[in-house]
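One structure is given here, and the rest of the page talks about it.
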Amino acid sequence: MTDYEPMLPEIDFSQLKSAAPSSFSSFPYQDGQLPDDQAYILLSILVAAAPKAVLEIGTFFGHTALHMAENLPDSIIHTVDLPTDFVSYVPARWMKTDHHLITRRDVGKCFRDHPLRSHIIQHFADTASWDFYEVGQPVPTFFFIDGSHSYDYVKNDSEKCFKLCNYQGIFLWHDVDENHGAVIRFLHEWCELGLDVRQISGTPLAILCN
C-alpha cells in the first residue's frame, strides 16, 4: 500500500468496524479506477455496515459498483455519472475536474452485462442539478463520493447525500491527498462543524460514520 501524507485527523483501518468481503475480483488497473487495496478497504467497511441501499457518486467504468453489488447481493447499488453526451453541455454550472477521464469513460462497462446488473441502478445526471431523491426507497445509508473533485461539487454531493440520509449514514471520500486540495478544504469545513471526518491512515480515503 502506498503511504499518503495525512491531510486530516487520522484513524487506522483496524479501528473501524469491518468484515472481510465475500467476493473480491481484481481488475486490471486503469487510470481513474479505485486501486485494489483501497477497494478492499471500502468493501470491508461496506460489508460490515450491510446497508440496504448505497449511492456512489462517479461510476466511471463501474468497477466499484460491481464490487459492491457482489458483496451486497440483497441490496441496491445506485451509481451516478455524467450523461454520455456531457461534452455538448455548454456552459457547465460549475467547473469540473478530470476532463481526461470524462472523455474516455465507458460508463458502467464492467457491470453492463453482468448477472448482478439488476441490483445496480445507473443514473445519468450532473449532480449540480440532479434531484438526489430520485433514488427512491430504501434511502441509501452508505455513500462513496468520487465524482468531480472541485470544491463546489464535493460540497454539493456531500451535503445533498447528508440530507438524503437524514444526517445518518456512512460516507467515504476518495482522493484525499495533496493533489486534490478542494477535497481537503471541504472536509476540513465539516471537521470544523464538529463532524468526525477522519482520513484512513496510509490511504487517500476519508470516512464519516454517523
Scan the stretch 147-168 residue by residue and report those that are modelled with pLDDT of 95 or more and among the charged types (D, E, K, R). Lys155, Asp157, Glu159, Lys160, Lys163
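Give me a count of the residues in the stretch 130-163 that are outside any loop (DSSP other than H, G, I, E, B) and of a type outside the set (Gly, Ala, Ser). Don't jump to the end; show me each part of the working.
Residues of the stretch 130-163 outside any loop (DSSP other than H, G, I, E, B): 132-135, 142-145, 151-163.
Keeping just the survivors that are of a type outside the set (Gly, Ala, Ser) gives 132-135, 142-145, 151-157, 159-163.
Here the count works out to 20.
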Kindly list the number of the only condition in (1) open to solvent by less than 50 Å² (accessible area, probe 1.4 Å); (2) assigned to a loop (DSSP other than H, G, I, E, B); (3) of a type in the set (S, T, N, Q) that fails for Ser18. (1)
Please specify each residue of the stretch 49-71 satisfying the condition of being surrounded by fewer than 24 Cβ atoms within 10 Å (Cβ to Cβ) and farther than 24 Å from Asp126 by Cβ. Ala49, Ala50, Pro51, Lys52, Glu70, Asn71
Being touching a Gly at 6+ places or on another chain (Cβ under 8 Å) and either more than 20 Å from Ile45 (Cα to Cα) or of a type in the set (Phe, Trp, Tyr) (or both) is the filter here, so list the residues in the stretch 155-186 that pass it. Asp157, Phe162
Report the residue count in the stretch 159-195 for those that are surrounded by 21 or more Cβ atoms within 10 Å (Cβ to Cβ) and without any contact (Cβ under 8 Å) to a residue 12 or more places away in the chain. 0
Could you list, in sequence order, all residues of the stretch 164-186 that are farther than 21 Å from Ala48 by Cβ, touching a helix residue (DSSP H, G or I) at 6+ places or on another chain (Cβ under 7 Å) and assigned to a loop (DSSP other than H, G, I, E, B)? Asp175
In the stretch 49-75, what residues are within 22 Å of Asp175 (Cβ to Cβ), out of contact with any Cys (no Cβ under 6 Å at 6 or more places or on another chain) and part of a helix (DSSP H, G or I)? Ala49, Thr64, Ala65, His67, Met68
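Going through Leu8, Leu46 one at a time, which residue ends up being open to solvent by less than 50 Å² (accessible area, probe 1.4 Å), at pLDDT 90 or above and part of a loop (DSSP other than H, G, I, E, B)? Break it down stepwise before answering.
Details: Leu46 fails: part of a loop (DSSP other than H, G, I, E, B).
Only one candidate qualifies: Leu8.
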Single residue of the stretch 11-41 satisfying the filter (modelled with pLDDT under 80 and of a type outside the set (Gly, Ala, Ser)) that is nearest to Leu205 (Cα to Cα): Gln33
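The values are calculated or read from the model by the stated rules, or taken from the named source; none is laboratory data. Note that the structure is predicted; figures quoted are calculated from it, not measured. Reconstructed Cβ throughout: ideal geometry from the backbone, glycine too, with neighbour counts over all protein chains shown. Heavy atoms of the whole protein, side chains included, go into the accessibility calculation; ligands, DNA and RNA do not. Shrake-Rupley method; radii C 1.70, N 1.55, O 1.52, S 1.80 Å.
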